[in-house]
Amino acid sequence: MGIGDSITLVSCLAGLMLALPALLIFLNLIFARTTDHAAFRLQKGYILPFFAGLISAIAIGVPGAILLSLGSVFQFCGTLVYMAILLWAFLGLSSVSRVLGMRLGEYSNRPENPLLEASSGAFVLTLAIAFPIIGWFMVLPFALIIGAGAVFLGRVNRFRGKTPDFDETLVAAS
């Protein structure tokens, strides 16, 4: 590996380190209600969202792989399925970063601010993901699966009407 390859690798990693927090903050702002419901679900626990994310990712990923292998128009449909899976997984990752920011805010005794929670959680999660081996193969996959499961459960519970609004939760807590 030459010096050019090393510079390219470092530049790509530095670009990803800057782009991932921006993407997570953007998704928290654009899909605020979805990430709120997923964050509310994540505050209850991580076991059920993990298994829900694992099962639903397999249930959607396998047909997407089959569509990709068929070729022609089906390959395009498989690509669209994978793009939807990536959007869903990154929405989950942004809700995980939001919960991480909430937990960090509790330790620093600062007032509740959703944008500050999203940004601090996104930067801490990005630093954890950038850590070699453990971050790449442990933190990122588990955070994606848990977050995707939380988004799935948050959407299902929202359509059933079981997830309370945050304003009602804050009024009841105070």
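In this structure, is LEU48 more than 14 Å from the chain's Cα centre (by Cα), assigned to a helix (DSSP H, G or I) and surrounded by 13 or more Cβ atoms within 10 Å (Cβ to Cβ)?
Spelling it out, LEU48 is indeed more than 14 Å from the chain's Cα centre (by Cα), assigned to a helix (DSSP H, G or I) and surrounded by 13 or more Cβ atoms within 10 Å (Cβ to Cβ).
Which residues, taken from the stretch 92-120, are within 11 Å of the chain's Cα centre (by Cα) and not hydrophobic (A, V, I, L, M, F, W, C)?
GLY92, SER94, SER95, SER97, ARG98
Among the residues of the stretch 1-30, which ones are small (Gly, Ala, Ser), more than 12 Å from SER119 (Cβ to Cβ) and in a helix (DSSP H, G or I)?
Hits for the stretch 1-30 are GLY4, SER6, SER11, ALA14, GLY15, ALA19.
In the stretch 54-96, which residues are closer than 15 Å to ILE145 by Cβ and among the small types (Gly, Ala, Ser)?
Within the stretch 54-96, SER56, ALA57, ALA59, GLY61, ALA89, GLY92, SER94, SER95 qualify.
Select, from ARG33, ARG41, the only residue that is of a type in the set (D, E, K, R), under 28 Å from ALA118 (Cα atoms) and surrounded by 13 or more Cβ atoms within 10 Å (Cβ to Cβ).
None of the other options fit; the residue is ARG41.
PHE26 fails exactly one of the following numbered conditions: (1) closer than 16 Å to PHE152 by Cα; (2) surrounded by 14 or more Cβ atoms within 10 Å (Cβ to Cβ); (3) out of contact with any Pro (no Cβ under 8 Å at 6 or more places or on another chain). What is the number of that condition?
(1)
Among the residues in the stretch 57-77, are any out of contact with any Pro (no Cβ under 8 Å at 6 or more places or on another chain), touching a residue at least 40 places away in the same chain (Cβ under 8 Å) and either in a helix (DSSP H, G or I) or not hydroxyl-bearing (Ser, Thr, Tyr) (or both)?
The answer is yes, given that some residue of the stretch 57-77 is out of contact with any Pro (no Cβ under 8 Å at 6 or more places or on another chain), touching a residue at least 40 places away in the same chain (Cβ under 8 Å) and either in a helix (DSSP H, G or I) or not hydroxyl-bearing (Ser, Thr, Tyr) (or both).
Just so you know, all these numbers are worked out from the coordinates, no wet-lab data involved. Keep in mind the model is a prediction, meaning the values are calculated, not measured. Don't worry about glycine lacking a Cβ; one is built from the backbone with ideal geometry, like all the others, and counts go over all protein chains shown.
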